[in-house]
Amino acid sequence: MKKLSARRRHPLAALVVLLFALAATGGLYTAFAPAGEAKAEQESSKSLAIEEGKKLYATGCSSCHGTGGQGTSDGPSLVGVGAAAVDFQVGTGRMPAQQPGAQVPRKKKIYSQDEINQLAAYVASLGSGPTKPTKEMYDPSGADVARGGDLFRTNCSQCHNFTGEGGALTHGKFAPDLGDVSEKHIYEAMQTGPQNMPSFTDGALPEKDKRDIVGYLKTVNSDKSESPGGFKLGGFGPVAEGMFAWIFGIGALVAVAVWVAARTAKAKKS
């Protein structure tokens, strides 16, 4: 009898087992449920952004680009342009355009960044395209500026000139000055190829190359950048500087020669 009573369970044993079971279940819930909830919240937030962006699009964009982004005679299709293109065009104030023309100029933006994000979410839902870059992708700190200069002169200087100060193109078009353009928008322009500019995919110009170009532009156009040649004449390089020397330098020499000849002739007469 004593042996049997020694093996008898304690009255609280069942309660302890129940508490352990509940703790184990709670641990599993803690391990798995938050990730699912976070994903659900993310999807819900994304859907809400798309809905709000659709409303903004219907008000400010559909008259030119069509009700479903398919494009019209007044504006191109937005299917597949991606969120990066919207963030660039609307973030720099180019869109909505004030009027049609050879090229839409940059102006003050009319949408807040939250509204731009919503528009970008909606347009991105129409078809896959370049996504908005993260700050790490375009942050110029640690960029190889010298290499970025080589890449810029090879791929971009034909239109933007050697230091990114812009230049004229054909039929009323132009390459804009890049001196005061933000790092993000420079990166997005390379991603998406706005207006007359070609796009540079990661296959043609990898992320590191784009970041080096951003670093070069932000360095060469900064207040700390020196111009050892003096007045840089818009950064157009030796051709413009040589033309300046010929026109003004030789012109000055001709004027001096005429003056000397006139003084000499006058002296002989007297």
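The values are calculated or read from the model by the stated rules, or taken from the named source; none is laboratory data. Computed from a predicted model, the values in this text were never measured in an experiment. Positions of Cβ are backbone-derived with ideal geometry, glycine not excepted, and every protein chain shown enters the neighbour counts. Only protein heavy atoms, including side chains, enter the accessible area calculation; ligands, DNA and RNA are left aside. Shrake-Rupley method; radii C 1.70, N 1.55, O 1.52, S 1.80 Å.
Peptides 244-251, 212-219 ranked from most to least packed, by the mean per-residue count of other Cβ atoms within 10 Å: 212-219, 244-251. The charge dipole of the range 49-126, taken about its Cα centre with unit charges on the Cβ of Lys, Arg, Asp and Glu (plus for the first two, minus for the last two), comes to roughly 300 debye. In order along the range 79-95, the phi-based Karplus estimate (6.51 cos²θ - 1.76 cosθ + 1.60, θ = phi - 60°) of 3J(HN,Hα) comes to 5, x, 6, x, 5, 5, 5, 5, 4, 6, 5, 7, x, 9, x, 5, 10 Hz; Gly and Pro are listed as x. Net charge within 14 Å of residue 183 by Cβ-Cβ distance, Lys/Arg positive one each and Asp/Glu negative one each, not counting residue 183 itself? That works out to -1. The dipole here belongs to the range 135-220: it is taken about the Cα centre, uses +1 on the Cβ of Lys and Arg and -1 on the Cβ of Asp and Glu, and is about 140 debye.
Legend: residue pairs 54/107; 46/173; 54/184; 54/109, Cα-Cα distance threshold 28 Å; pairs beyond threshold, 46/173. Put simply, the amide H of residue 174, placed in the peptide plane, has neighbours under 5 Å in 169, leaving out anything fewer than 5 places away on its chain. Computed extension length for residue 226-residue 170: 17.0 nm, one decimal, from 0.36 nm per residue of separation with the Cα-Cα distance subtracted.
Between residue 71 and 66, 78, the built amide H atoms are under 5 Å apart, and every one of these is 5 or more places off in sequence or on another chain.
For the range 49-126, the per residue solvent-accessible surface stands at 51 Å², with DNA, RNA and ligands left out and a 1.4 Å probe.
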